[in-house]
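Coordinate-derived values only; no laboratory data. A quick note: this is a predicted structure, and the numbers were derived from the prediction, not measured. Positions of Cβ are generated from backbone atoms using ideal geometry, with glycine treated the same way; all protein chains shown enter the neighbour counts.
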Amino acid sequence: MKSYLKTAFIFAIQAMIISLVMCSGGNKEWAAKVNEQDISIEELNRYYYTHHKLLLNVETNADVDKIAADPSGLRPEIQQSVMVSIQKKNYLDSLIAQKLLYNKAMKDSKIDKLELETILEVQKLQFVGNYYLNKILKDEINVTQDEIDKFYEANRERLRQVPILEANERIKSHLLSQKFAKKSGDYVKSLVDGSNITKKGFVEYEEKALKDSEKAKDDKKQDKVKSSVEKTKEPEKK
C-alpha cells in the first residue's frame, strides 16, 4: 500500500482487532490467556501481519518478516512507531494490554455503552471504506520523477534546507496523498450518483424538528406574555 495511509486508518484497525479478539473462540493453540479469554497463535499472527502490512505499506507477510529481521531501513518518520511493535512479543504484550482495557471499559458502569458501540460502528464504516479504496485504487495512482522535480522547483525555497532524498520522499508522499484524495472522491461520487438514494425521511425529520423548535419559541413567548399580564393584575402592596 502507498504511504498516504492515515494514522486514523491504523487506529481504526486497532479497534477492529480488539473487537474481533473479544469474539474469538478458545479451541485453538493459544499464545496467551488473559483471565478467561484466549488469544490463539493463529489470531495473533493474523492481527500482527494485517496491522503491520497497513502500517508499513507492504503487501505480504514475508515483507513484514523481512522488516522485522532488519528494521534499520525504515523511513525515519515511521521508525519510532514500528520499532517496538514489529517484534511479535511486543505486539502480543500490546494486544494483551488493549484487551484488558477493552474488558475494563465494557464492564465500567460509568461508560455509556451505546456511545461506545457507536464509536466502534463508526470506525468500522470508516476503516472498511478506506481499506477498500486503497485496495482498488492503489495501482491507479503513481507519481513520476518529473512531477516530483516540478514540485521541488516550485517550492525550492521552502525545501532548501531539506536533504534532497528526504525532500523527494516528502514530495512523493504529498503528491500521492493529493491524487488519492481526488481519485477516491471521484470514485465515491460515481458510486453515489449510480445508486438509488432517497432522503425523504431525513427531510421530514428536519421539517418536524424545525416546526417543534418554532412551536417551542412561540410557547415561550406566550408564557412571557401571560406572566407579564398576571403581574399587572397583582394588587399593589400598601
19 Å Cα-Cα reach of K113 towards lysines, excluding residues that sit fewer than 8 places from it in its own chain: K99, K104, K124
Packing-based exposure ordering (other Cβ within 10 Å, fewest first) of K124, K89: K89, K124
Full-extension gain in nm, V122 to D108, via 0.36 nm per residue minus C-alpha separation: 2.9 nm
Neighbour count of at most 11 Cβ within 10 Å plus DSSP loop: longest GluC sites (Glu not before Pro)-free window in the chain: 60-235
Angle in degrees between helix 145-154 and the longest Cα principal axis of the chain, rounded to the nearest 10: 60 degrees
Residues whose placed amide H lies under 5 Å from that of S40, excluding near-sequence neighbours: A31
Cα shape, segment 132-235, gyration tensor, a/c 1.5 rule: oblate
Over 29 Å [Cα-Cα, the chain], rounded percent: 54 percent
Acute angle (nearest 10 degrees) that the helix 41-56 long axis makes with the longest principal axis of the chain, alpha-carbon atoms: 90 degrees
Virtual spin-label span in nm between N142 and Q98, 7 Å along Cα→Cβ: 3.5 nm
Which of Y49, Y187 has the fewest Cβ neighbours within 10 Å, and the rest in rising order: Y187, Y49
Lys/Arg +1, Asp/Glu -1 at C-beta; segment 141-194 dipole; positive extreme among V143, L165, L175: L175
